[in-house]
Amino acid sequence: MTAHLADSAFLRACRREPVPHTPVWFMRQAGRSLPEYRRVREGTSMLAACATPDLVVEITMQPVRRYSTDAAIFFSDIVVPLKAIGVDLDITPGVGPVVGSPVRDASGIAALRPLEPSDVPYVTESVQALVKELDRVPLIGFAGGPFTLASYLIEGGPSKNHDRTKAMMYGAPELWHELMDRLTAITLAFLRIQVAAGASAIQLFDSWVGAVAPVDYRAYVLPHTSRIFAGLADLGVPRIHFGVGTGELLGVMGEAGADVVGVDWRVPLDEAALRVGPGKALQGNLDPAVLLAPWDVVEPRARDVLERGRVAEGHVFNLGHGVLPSTDPDQLARLTDFVHEASAR
Ligand code: CP3
């Protein structure tokens, strides 16, 4: 990593060091809210796009060029490593990941083999090309958290209540832990491949883990997420841990071993800092729907996020979840500039 990169506001904030301004990027910054994204994606399926390095580089760069965000997020999807080991799945527009034969028994779990770098050559190639192109802007690699991946595999697609997932978790804990062990190994491999190719930080998106209670998180999820973060420790890159609806889980998520905890919009950052505990930076947490309101509504709320974020030992400004597809890109441009100007020290 070059000195410029290591000294970037984003990586400094993740390490809880003083910053010239609060760094900002947006979950789902690359994607459907951008007309230039829709243009380059025309005629190419999501998974085909993820396997085409030229497209991955272009789409990852689009929001960085447009907004001057402090970090880029790798254009891919949480199901890419599962597809790469042979799981029969696709990403259906407007729905999300759909699995042909859901994983519900020991034989389905046994088929989930480890991920090798040679399964995803296009990931290595894309990350290497991106790191050159981005120059002084850090690239965030990512993977899905094991609960979220398990839910897609078991349910066969998006789910409101995660019924079958929880049925296995509570009713067949040995099967559950075997599945989580395999997903943990795949996730760890996928993240290490991205860092080996040059990613400067990683984020674990356990988007749907807010569906479990803290006591169950501790029993059924924490052992696995802890192994993922511990398995990345030797790489020396900041590790970000994010989920939605995790207000009650912030304390136990803080124990999993990430350097930065992502917070959705439901818990103010000063309160989140108390729940997560010392020794962590926070990332978040403007409600993405606020951006659908006029700027004079957005500005005081963004200022409030910045002010509360000062309570944390480090703060990376973000939304509380992904950019909504109907968001006007000009609002994100204005928000990026506002965060930079209002936080300048
Ligand atoms: O800009 C970024 O954040 C980088 C790219 C990214 C995508 N997916 C691209 C994508 C990232 C980080 C993800 C992660 C992801 N994928 C998560 C975790 C983050 C979160 O939002 O909670 C989850 C749960 C998924 C699964 C998934 N993939 C969903 C729910 C969807 C949306 C389906 C839809 O069309 O409503 C996808 C598809 C997807 N992943 C799109 C993009 C840009 C849209 C596909 C398209 O443009 O055709």
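The values are calculated or read from the model by the stated rules, or taken from the named source; none is laboratory data. From a predicted model like this one, the values you see are computed outputs, not experimental measurements. Here the Cβ positions follow ideal geometry from the backbone for every residue, glycine too, while neighbour counts run over all protein chains shown.
Here are the numbers for the structure shown:
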{"quantity": "Options D77, D70, D90: the member that is acidic (D, E), over 26 Å from I154 (Cβ atoms) and in contact with a Pro (Cβ under 9 Å, 6 or more places away or on another chain)", "calculated": "D70"}
{"quantity": "Scope segment 132-153; condition assigned to a helix (DSSP H, G or I) and under 27 Å from P63 (Cβ atoms); matching residues", "calculated": "K132, E133, L134, T148, L149, Y152"}
{"quantity": "Options R301, R310, R275: the member that is buried (at least 18 other Cβ atoms within 10 Å of the Cβ), free of Cβ contacts under 8 Å to residues at least 60 places away in the same chain and either out of contact with any Phe, Trp or Tyr (no Cβ under 9 Å at 6 or more places or on another chain) or more than 25 Å from S33 (Cβ to Cβ) (or both)", "calculated": "R275"}
{"quantity": "P93 more than 23 Å from D287 (Cα to Cα), near the ligand (Cβ under 9 Å from one of its atoms) and modelled with pLDDT of 95 or more", "calculated": "no"}
{"quantity": "Subset of segment 233-250 (residues that are of a type outside the set (K, R), farther than 14 Å from G284 by Cα and surrounded by 18 or more Cβ atoms within 10 Å (Cβ to Cβ))", "calculated": "V237, P238, L249"}
{"quantity": "Tally, over segment 51-98, of residues that are hydrophobic (A, V, I, L, M, F, W, C), within 16 Å of the chain's Cα centre (by Cα) and farther than 20 Å from R113 by Cα", "calculated": "5"}
{"quantity": "Complete set of residues in segment 92-118 that are in contact (Cβ under 8 Å) with a residue 40 or more places away in the chain, surrounded by fewer than 18 Cβ atoms within 10 Å (Cβ to Cβ) and among the hydrophobic types (A, V, I, L, M, F, W, C)", "calculated": "V95, V98, A106"}
{"quantity": "In segment 198-219, residue nearest to A6 (Cα to Cα) [restricted to those that are surrounded by fewer than 22 Cβ atoms within 10 Å (Cβ to Cβ) and more than 16 Å from the ligand (Cβ to nearest atom)]", "calculated": "G198"}
{"quantity": "Residue in segment 9-29 that is at pLDDT 95 or above and closer than 16 Å to Y152 by Cβ present", "calculated": "no"}
{"quantity": "Sole exception among (1) under 18 Å from D206 (Cα atoms); (2) crowded, with 17+ Cβ neighbours inside 10 Å; (3) out of contact with any strand residue (DSSP E or B) (no Cβ under 7 Å at 6 or more places or on another chain) for I140, by number", "calculated": "(3)"}
{"quantity": "I85 in contact with a Lys or Arg (Cβ under 6 Å, 6 or more places away or on another chain), more than 13 Å from the ligand (Cβ to nearest atom) and either of a type outside the set (K, R) or touching a residue at least 24 places away in the same chain (Cβ under 8 Å) (or both)", "calculated": "yes"}
{"quantity": "Some residue of segment 37-47 being more than 18 Å from F205 (Cβ to Cβ) and in contact (Cβ under 8 Å) with a residue 60 or more places away in the chain", "calculated": "no"}
{"quantity": "Candidate set from segment 96-131 (those that are part of a helix (DSSP H, G or I) and of a type in the set (D, E)); member that is nearest to A49 (Cα to Cα)", "calculated": "E125"}
{"quantity": "Residue under evaluation T60, criteria (1) surrounded by 20 or more Cβ atoms within 10 Å (Cβ to Cβ); (2) more than 12 Å from the ligand (Cβ to nearest atom); (3) hydroxyl-bearing (S, T, Y), criterion not met", "calculated": "(2)"}
{"quantity": "Filter pass, I186 being part of a helix (DSSP H, G or I), closer than 23 Å to C14 by Cα, out of contact with any Gly (no Cβ under 8 Å at 6 or more places or on another chain) and at pLDDT 95 or above", "calculated": "no"}
{"quantity": "Residue check, L175 crowded, with 24+ Cβ neighbours inside 10 Å, touching a residue at least 40 places away in the same chain (Cβ under 8 Å), part of a helix (DSSP H, G or I) and more than 16 Å from the ligand (Cβ to nearest atom)", "calculated": "no"}
{"quantity": "Selected residue [near the ligand (Cβ under 10 Å from one of its atoms) and of a type in the set (A, V, I, L, M, F, W, C)] from I109, I140", "calculated": "I140"}
{"quantity": "Members of segment 1-38 found to be over 14 Å from G314 (Cβ atoms) and more than 16 Å from the ligand (Cβ to nearest atom), listed by number", "calculated": "M1, T2, A3, H4, L5, A6, D7"}
